[in-house]
Amino acid sequence: MHSLLKKCQGLVSLFIILLMCMGCSRVVSTSYNPWEIINLPTEAKLIDIAFVDMSHGYLVGSQTTLLETKDGGRNWHPIKLDLDKPNYRFNSISFNGEEGWIVGEPSLNLHTTDAGASWLQIPLSEQLPGNPISIVALDANTAEIATDIGAIYKTTDGGKNWKAQVTQAVGVVRNLERSDNGQYVAVSAKGNFYSVWQPGNEAWESHNRNSSRRIENMGFTKNGHMWMLARGGQIQFTKPDNSNEWLDTEYPEFATSWGLLDLAYRTPEEIWVSGGSGNLLRSSDGGKTWEKDRDVENVPANLYKIVFLSSEEGFVISDHGILLRYNPTVARINPEATT
């Protein structure tokens, strides 16, 4: 009995050591840090970013927050709008040339044709299913709105009329993304399934999640394939030759305690993934191997959204009034790159 007890104690100790090793595992550090920290004049939650041109852009967020930059994102100043209610949540902003759109909640639609010098509030129907969470400026007077229950509407006359693109909504969603070719993917509020819609289809096509972990976020690669972030630090991509089948699950940093929140491509091969507690990961080979940018680990914020406007222009939106700006010209060498 004594030997059996001693053996069990040994197994428990070995298990604890293994857990400790897993928790201490370290992904390789990036060789340099191309992100500079921009402190913003707001404590509001920032949600989306869009640019008119390389210098002129806007950030939107909660508490009717609208910030403007005219120097490529180095400096930002608040814009006060005269709206019918004092405290809107701006969920999405998009520009096509000098024509731009903002949507938010409670149901709000703003339109500009002069690069944001003035904004016109366009009434939305009281029968609109859900609150607008996404808008994409497609062409002159043409834009597409999606709501938090998966309703999709399109206008071709500057917002005077909107035509439904789906016959029924998909249900409450936690996030929703649109591809360059007009396809949508929506993750259910609980993260237990996702739905896909393609232009021309009457309804969404729903899919169960393909692991025991709840889905955190999903989106599209530049070639139309999909990526998925799940709880526990999981990443999956659809197969290159079949966008309906998924490759094996990847764990860039195994046994991590923080969540993955967003993914974006800087180039067709370079991927950045953001997460909670200032975590930022990079892959230079399309997701086969990963490294970690430890220079931003001390940023006291969750990194919610990554947006690359081009291969040389990018931003990471976080909370607590912090924005990361991609600026390789001030990249700092990381001495831990070989660890």
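Of everything in the stretch 129-168 that's among the small types (Gly, Ala, Ser) and either over 19 Å from the mean Cα position of the chain (by Cα) or in a loop (DSSP other than H, G, I, E, B) (or both), which residue is farthest from VAL60 (Cα to Cα)?
ALA164
Picking from residues in the stretch 184-203 that are open to solvent by 30 Å² or more (accessible area, probe 1.4 Å) and in contact (Cβ under 8 Å) with a residue 24 or more places away in the chain, the one that is farthest from LEU128 (Cα to Cα) is LYS190. Taken together, GLU43, GLU126, GLU36 contain a single residue that is more than 25 Å from LYS160 (Cα to Cα), outside any strand (DSSP E or B) and open to solvent by 20 Å² or more (accessible area, probe 1.4 Å), which is GLU43.
All of GLU270, GLU291, GLU297 fail the test of being at pLDDT below 95, charged (D, E, K, R) and surrounded by fewer than 20 Cβ atoms within 10 Å (Cβ to Cβ), apart from GLU297. Pairs linking a residue in the stretch 96-122 that is over 12 Å from THR64 (Cα atoms) and outside any loop (DSSP other than H, G, I, E, B) to a residue that is open to solvent by 50 Å² or more (accessible area, probe 1.4 Å) and not polar (S, T, N, Q), with Cβ atoms under 6 Å and 6 or more positions apart or on different chains, are HIS111/LEU120.
Restricting the stretch 231-257 to residues that are open to solvent by 80 Å² or more (accessible area, probe 1.4 Å) and part of a strand (DSSP E or B) leaves a set whose member that is modelled with the lowest pLDDT is ASN244.
Checking each residue in the stretch 169-181 for being outside any strand (DSSP E or B) and either polar (S, T, N, Q) or touching a helix residue (DSSP H, G or I) at 6+ places or on another chain (Cβ under 6 Å) (or both) picks out SER179, ASN181.
Residues checked against (1) of a type outside the set (S, T, N, Q); (2) open to solvent by less than 10 Å² (accessible area, probe 1.4 Å):
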position	(1), (2)
HIS56	yes, no
SER62	no, no
GLY73	yes, yes
HIS77	yes, no
ASN96	no, no
LEU120	yes, no
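The values are calculated or read from the model by the stated rules, or taken from the named source; none is laboratory data. Please read all numbers here as calculations on a predicted model, not as lab measurements. Using ideal geometry, Cβ is built from the backbone for each residue, glycine included, and neighbour counts are taken over all protein chains shown. Remember, those area values only see protein heavy atoms, side chains included, never the ligands or the DNA or RNA. Shrake-Rupley method; radii C 1.70, N 1.55, O 1.52, S 1.80 Å.
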